[in-house]
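Just below is one structure, and these are the notes that go with it.
Any read-out appearing in this document is the output of simple, stated calculations on the displayed coordinates, not a laboratory observation. Everything numeric here is computed off the predicted structure, so don't read it as measured data. Please note: Cβ atoms are built from the backbone with ideal geometry, for glycine as well, and neighbour counts cover all protein chains shown.
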Ligand SMILES: Cc1cc2nc3c(=O)[nH]c(=O)nc-3n(C[C@H](O)[C@H](O)[C@H](O)COP(=O)(O)OP(=O)(O)OC[C@H]3O[C@@H](n4cnc5c(N)ncnc54)[C@H](O)[C@@H]3O)c2cc1C
């Protein structure tokens, strides 16, 4: 092995929720002897997980209608169990509410009634991404800043090269890079879909966390994280591909939020930041986790789109045993 090479039993590329949930499962739930290296490009580009409104909620989904719906319910229930068993910092409970915009189309109305009926209020977990990701960090994992630019097999080992030319070698690799464009062959492709929102801090709106999702007219999402005193205002599903804050869009959403919540003292809330995250949407919104076909020793955790905070723990549970066997 050359002097510049770093060796590990397992390399995980990516340091968002997909990676952190997996490494937590590997080290907290099992006594794994694996030497693990986690490489991430987070110093070049913030992970989507840090620009996420991060709620976990069933949102009107019930079992028995589609395989994807069943998986979403399973992921939600799995997250509930994870939370009850681990009680990590950065997660609190509250209420999620949905309503229809006054200008919703008949089609929006029909979809809304089919999905929610009269169940417009439901329990919800509110995640503070920074705190929760920190709580999932593993002391036994070597975390390194490295933007992986090439990827090849040499015998039974994977050789990863970063943009500085450094080499990382392991027999097993997990690719968990969110919506980054370049993926090894065999991983289902995705489209990047942006989400834009405003984040106010030091807001006092009571002791309960809540969120409101208005359907129709392009949608509006307003979230209050009581424990962290944060108020988020933004989009639900924006087709825009803009990676910088879309201030025109955000101003429209903010004005809508002001009309919907006249009781909030908007003018005294203080400064706010705009956040933009890039979500990976697979075909038919299908997530992927498991071994990559035709690429021995390579696994992927990909295409979490709007449900990364629950999918990550289901994927972690199902992948961890395969990785340690
Ligand atoms: C505005 C918004 C709101 C959302 N709301 C919710 C919600 O309420 N509930 C929910 O469950 N989900 C929500 N999501 C989706 C959720 O946040 C994502 O699905 C999840 O964060 C994706 O996590 P990830 O680990 O797959 O990717 P990321 O968090 O993007 O992490 C990818 C990692 O890979 C690294 N990386 C990429 N390429 C390379 C490379 N070449 N070399 C090395 N490292 C690399 C990056 O640096 C990063 O560390 C939302 C997303 C957005 C944008």
The stretch 1-143: radius of gyration and largest Cα-Cα distance (Dmax), Å
19.5, 66
Would you mind checking the tilt of helix 247-260 against the longest principal axis of the Cα atoms of the chain, expressed as 0 to 90 degrees and rounded to 10?
50 degrees
By the gyration tensor of its Cα atoms, with a ≥ b ≥ c the square roots of the eigenvalues, what is the shape of the chain: rounded for a/c under 1.5, prolate for a/b over b/c, or oblate?
prolate
Only helical DSSP H runs with n ≥ 4 go in: add -39500 (n - 2.57) per run for the chain, normalise by residue count and round the 222 nm mean residue ellipticity to 500 deg cm²/dmol.
-8000 deg cm²/dmol
With Cα coordinates, the longest principal axis of the chain makes an angle with the long axis of helix 67-86, in degrees rounded to 10, of 80 degrees
Given 167-177, 191-201, 12-22, the highest-first ranking by average Cβ count within 10 Å works out to 12-22, 167-177, 191-201
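Express in nm, to one decimal, how much length is gained between residue 139 and residue 62 on full extension, taking 0.36 nm for each residue of separation and deducting their alpha carbon distance.
23.9 nm
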1/(1 + (r/R0)^6) with r = Cβ-Cβ of residue 120 and residue 255, R0 = 25 Å, i.e. FRET efficiency to nearest 0.05, evaluates to 0.60
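With the contact rule set at Cα under 8 Å and sequence spacing of 6 or more, what percent relative contact order holds for the chain? Mind showing how you got there, number by number?
Details: 659 pairs, mean separation 81.2, N = 325.
Relative contact order comes out at 25 percent.
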For the stretch 1-78 and the stretch 295-310, compute the distance between their C-alpha centroids and round to whole Å.
7 Å
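Sort the stretch 53-117 into rounded, prolate or oblate with this rule: let a ≥ b ≥ c be the square roots of the eigenvalues of the Cα gyration tensor; rounded if a/c is under 1.5, and if a/c is not under 1.5, prolate when a/b is larger than b/c, oblate otherwise. Please list the in-between numbers first.
Details: a/c = 3.74, a/b = 1.67, b/c = 2.24.
Oblate is the answer for the stretch 53-117, as a/c is 1.5 or above yet b/c matches or exceeds a/b.
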Using a Förster distance of 41 angstrom, determine the FRET efficiency expected from the C-beta separation of residue 268 and residue 147, and round it to 0.05.
0.45
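What is the stretch 270-325's relative contact order, in percent, from Cα pairs under 8 angstrom and six or more apart in sequence? Walk me through the numbers before you get to the answer.
On the way: 49 pairs, mean separation 16.3, N = 56.
That works out to 29 percent.
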In whole Å, how far is the Cα centre of the stretch 251-294 from that of the stretch 109-148?
12 Å
For the chain, find the longest principal axis of its Cα atoms and tell me its angle to the long axis of helix 308-324, 0 to 90°, nearest 10.
20 degrees
For the stretch 120-233, shape from the Cα gyration tensor axes a ≥ b ≥ c, cut at a/c of 1.5 then a/b versus b/c, turns out prolate
In whole Å, what are the extents of the stretch 207-299 along the principal axes defined by its C-alpha atoms, from largest to smallest?
57, 30, 24
